[in-house]
Amino acid sequence: MSTFVDLVTALENKNGEDILELDLKNRGGLADAFILVTGNSETHMKTLVETAEEFLERSGRQCKIEGENSVRWRLVDAGDVVVHVFSHKGREFYRLERLWEEEE
């Protein structure tokens, strides 16, 4: 079961695509989880970032946003969870899920 199921649901409710939670608890302390989500446009990516930020702040976490002007990848860092919001091209380019699979 997802550790951040309510956050994933919030992103699903905004039509986020290919949502994936990577459990990183035993992987060196970067974060407990990475959540990857794909948006269809810059506006959609912005909406997904805002949704993640609002959800995390309501749950008592402070967020740092990076890449706000990027057309490929935006990041919401709340310490124990980091949400990566990609365009389709950005998701293909960075391939974070493959990077973490190779670490296993």
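The values are calculated or read from the model by the stated rules, or taken from the named source; none is laboratory data. Quantities reported herein were computed from a predicted structural model and do not represent experimental measurements. A quick note on method: Cβ atoms are made from the backbone with ideal geometry, for glycine too, and the neighbour counts reach across all protein chains shown. To get the accessible areas, we keep the full protein, side chains included, count just its heavy atoms, and leave off ligands, DNA and RNA. Shrake-Rupley method; radii C 1.70, N 1.55, O 1.52, S 1.80 Å.
Provide the net charge surrounding V71, with neighbours chosen by a C-beta distance below 9 Å and charges set as Lys +1, Arg +1, Asp -1, Glu -1.
+1
In Å², and per residue, what accessible area does the chain have when probed at 1.4 Å with the other protein chains present?
So the chain comes to 60 Å² accessible per residue, rounded to a whole number.
How large, in percent, is the carbon and sulfur part of the accessible surface of the chain at a probe radius of 1.4 Å?
44
Got the relative contact order for the chain handy, in percent, Cα pairs under 8 Å and 6 or more residues apart? Can you show the working numbers first?
Details: 163 pairs, mean separation 25.5, N = 104.
Across the chain, relative contact order equals 25 percent.
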